[in-house]
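Every number in this text was worked out from the coordinates using simple rules, so none of it is lab data. Treat the numbers as computed from the prediction; the structure is a model and nothing was measured. Cβ atoms come from the backbone with ideal geometry, glycine included; neighbour counts cover every protein chain shown.
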Amino acid sequence: MPPSFDDLLVRARSLVRPGARAILGIAGSPGAGKSTLAARLTRALNGAGAPWVAHVPMDGFHLADAELQRLGRRDRKGAPDTFDAAGYAALLHRLRAEYAAADGGETVYAPGFERTLEQPLAGAIPVPPSARLVVTEGNYLLLGAGPWARVRPELDEVWFCELDETERVRRLVARHEEFGKAPAEAVAWVLGTDQRNADLVTRTRDRADLVVRVSALD
């Protein structure tokens, strides 16, 4: 039986140990529901009390369009080599090390991603010293090649989001349209660039600690 949302809450809480900050990764193909699940977990775990869970997406490490243009990768935006993977791994390492500092650490600022502009936004996400669990999500958390290989060792667990392929594609097309692409352009991008990335991500599924069927969550 696939895990329920309540099961996931219990499992996420169990990652936290005294005197340490835990980092939970949520991986999956574009449009599989990673961001939605991460945000829902964060809200539910924090509840109405003092926040102790922070949500830090991988998307803030997109290279800016100007740099992608310089590198000749603008038409492949979203592929593994269009992110600062080493910078992302370094942030995850710092998030863990900062919490363990003798003075209790300080707020760490992570970059966000502005969907309307489709550009990274520096210093957009504060992770306060009170955050004992960080939920991070992105496509390539389980990729074992190049600088991406530095990411998995920084994560206590990685869950892999799965969604029916037809529904995943439908959601992804709708998202591209919502943020400015014409319908035909959105479909072409999803079936081209996004699909190549999705195929790569799917091949990392077996490295996950848990597979989450998004459609089965209550």
Item checked: Evaluation of Val173 against (1) more than 18 Å from the chain's Cα centre (by Cα); (2) surrounded by 19 or more Cβ atoms within 10 Å (Cβ to Cβ); (3) under 23 Å from Ala85 (Cβ atoms) (one fails), failing number -> (3)
Next item on the list: Examine segment 30-51 for a residue that is in contact with a Lys or Arg (Cβ under 7 Å, 6 or more places away or on another chain) and under 21 Å from Glu114 (Cα atoms), and state whether such a residue exists.
Entry: yes
Next item on the list: Report yes if Gly146 is surrounded by fewer than 17 Cβ atoms within 10 Å (Cβ to Cβ), closer than 18 Å to Pro80 by Cα, more than 16 Å from the chain's Cα centre (by Cα) and not charged (D, E, K, R), otherwise no.
Entry: yes
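Condition check ((1) in contact with an Asp or Glu (Cβ under 7 Å, 6 or more places away or on another chain); (2) closer than 30 Å to Leu191 by Cα) across all residues:
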| position | (1), (2) |
| --- | --- |
| Pro18 | no, no |
| Val56 | no, yes |
| Leu63 | yes, yes |
| Leu71 | no, yes |
| Lys77 | no, yes |
| Phe83 | no, yes |
| Tyr88 | no, yes |
| Leu92 | yes, no |
| Leu95 | no, no |
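Residue-wise test of (1) exposed (fewer than 14 other Cβ atoms within 10 Å of the Cβ); (2) of a type outside the set (Ser, Thr, Tyr).
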| site | (1), (2) |
| --- | --- |
| Leu95 | no, yes |
| Gly105 | no, yes |
| Val108 | no, yes |
| Leu117 | yes, yes |
| Ser130 | no, no |
| Glu137 | no, yes |
| Tyr140 | no, no |
| Leu155 | no, yes |
| Leu163 | no, yes |
Check: Any residue at all in segment 56-75 that is within 22 Å of Arg213 (Cβ to Cβ) and buried (at least 17 other Cβ atoms within 10 Å of the Cβ)?
Finding: yes
